[in-house]
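The values are calculated or read from the model by the stated rules, or taken from the named source; none is laboratory data. Please read these numbers as outputs of a predicted model, since none were measured by experiment. No Cβ is skipped: glycine too gets one built from the backbone with ideal geometry, and neighbour counts run over all protein chains shown. The protein model used for the area step is the full one, side chains on, heavy atoms only, and it has no ligands, DNA or RNA in it. Shrake-Rupley method; radii C 1.70, N 1.55, O 1.52, S 1.80 Å.
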Amino acid sequence: MNIKQIIKGRRENKENLKHLLENLYTISAKSKTIVICLDSTDRSYLGCVKVTHRLFPNNTLLIPSYYSNVLLSSDQKLKFCNELINLNLDQIIISGHPESLNFIVDYCYNKIKLKTVFYGALSELIVKQNDVQFSKIMEYLKDGKLVSIGYNKAGLAEWMNNLFGFNTYFIQLFSNIKAIKPNNNPIKKIGVLGAPNFNKNVVNAIAASLSIEDTEIHTFSKVGFLKGSFENRIISYDILTDQEFEDLRNDMDLNIHISFSEGSGGQIFIDSLASGIPCITSLNNDYLVGNEYLSDLLVIDQYDNPEIIKNSILNVLNEDKLRLRNEVLDHVSFKNKEGNRLLDAFINSH
């Protein structure tokens, strides 16, 4: 790195801190709770940022970053933490907790009440970096530097509380209801809109959808071995804006989100239901527990079996649209109330 790059980097860091503090003062003027989240780079941390804004729309503070690296010098981190301390906040919640945000705990734990939210599942801890950071979070909880932790994965809060005695909470993801008019597409449009990675299991969903006549599959995946034979029935997309993605999702007769691992079912699943559009999910969340009709219709247990998925798609497409739509919207309304209650319990915990 030459001297010009060093000077440029220092100037950019100075501007990063300036904007960060401006945003901090704006939020703290309205709320004594600051929710801190690493900002996204391309699609890295994008899901975490969206969930954080959804759960904490009025007090989310994004930390400037490049992927998982905070774009602040050591001195700037210290100045930022001193500003947090001087504001006499009630609490700070770290939403999604990568290693690069540990400095907030290290600097502030004895001055401000600190909490954290962990998104995801224990299965992700097979990756060493994730395992090391989760161990650090547990160390903070054991030492009292973090007073509580929230999970959006069913069962984790109870498991950790029972095993370690930590102060834990379940946080249910919720979505604003924006019911749209039912679709009457002559060809059934099926959305398989998860990211094209192994966990999202999009290939099984696409394969199952193609085995049903008069269907059109919309996806971000480029499944070559299928697309070559079904060029006119698989419509692939590149990166869309949030509004473009929402419009696409809401234009489907049915969405499928049968990932192998998920927190509360995933934003695609919950947001689809909040628009009144059925979405098939996998047996990796408890969002539909308590509603036998929706559980039987929309939850797949063999989600690595394209024939089972096909049968589930047919059951949904053959169901009475109005009954299904009303049942879905009523359930989302119920879960939203539950989600707000659970979130309030976490925020107001001591």
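Brief remarks follow.
- Net charge contributed by nearby residues that have their C-beta within less than 13 Å of Asn183 (K/R +1, D/E -1): +2
- Per-pair calculated FRET efficiency, R0 = 41 Å: Lys111 and Ala179 via Cβ, rounded to 0.05: 0.35
- Residue-count net charge about Ile93 - beta-carbon cut-off 15 Å; Lys, Arg +1, Asp, Glu -1: +3
- Quarter the surface of the alpha carbon convex hull of the range 254-293 and you get the mean projected area, 2.7 square nanometres.
- Two-decimal Rg to Rh for the range 1-150 - Kirkwood Rh, Cα set: 0.96
- Partner lysines whose Cα lies under 16 Å from the Cα of Lys178, excluding those fewer than 8 positions away in the same chain, are identified as Lys335, Lys337.
- Set of the range 166-202 residues, backbone N closer than 17 Å to the point 7 Å along the Cα-Cβ line of Lys321: 179-191
- Reach of Lys111 by Cα under 20 Å, taken over lysines that are not fewer than 8 positions away in the same chain: Lys32, Lys77, Lys79, Lys136, Lys142, Lys145
- Average projection, convex hull of the Cα set of the range 6-89: 5.5 square nanometres.
- Measuring only protein heavy atoms, the 1.4 Å probe finds Lys188 accessible over about 50 Å².
- Computed Rg/Rh of the range 218-350, alpha carbon atoms with Kirkwood Rh: 1.00
- Efficiency of FRET from Cβ geometry, His350 and His19, R₀ 30 Å, rounded to 0.05: 0.40
- For the range 37-67, backbone nitrogen atoms closer than 18 Å to the point 7 Å from Val132 Cα along Cα-to-C-beta are found at 67.
- When the inverse distances between all different Cα atoms of the range 157-196 are averaged and flipped, the Kirkwood radius reads 15.0 angstrom.
- Compactness of the chain - radius of gyration and Dmax, Cα, Å: 22.0, 68
- Over the chain, dividing the summed -39,500 (n - 2.57) contributions of all DSSP H runs of at least 4 residues by the number of residues returns a 222 nm mean residue ellipticity of -14000 deg cm²/dmol.
- Neighbour count of at most 14 Cβ within 10 Å plus DSSP loop: longest GluC sites (Glu not before Pro)-free window in the chain: 1-212
- Screening the chain for whole DSSP H helices of 30 Å or more along their axis (Cα) with average Kyte-Doolittle hydropathy at least -1.0 returns 3-28, 321-347.
- Using the Cβ of Tyr67 as centre and a radius below 14 Å, the other residues enclosed give a net charge of -2, where K and R count +1 and D and E count -1.
- Using a probe of 1.4 Å on the protein chains alone, the accessible area found for Tyr140 is around 0 Å².
- Ranked order, His350, His53, His331 - accessible area, probe 1.4 Å, largest first: His350, His53, His331
- Heavy-atom SASA rank of Arg233, Arg43 (probe 1.4 Å, accessible area, largest first): Arg43, Arg233
- Volume per residue of the convex hull around the Cα atoms, evaluated for the range 92-145, comes out as 67 Å³.
- For the chain, the relative contact order works out to 13 percent when only alpha carbon pairs closer than 8 Å and six or more residues apart are counted.
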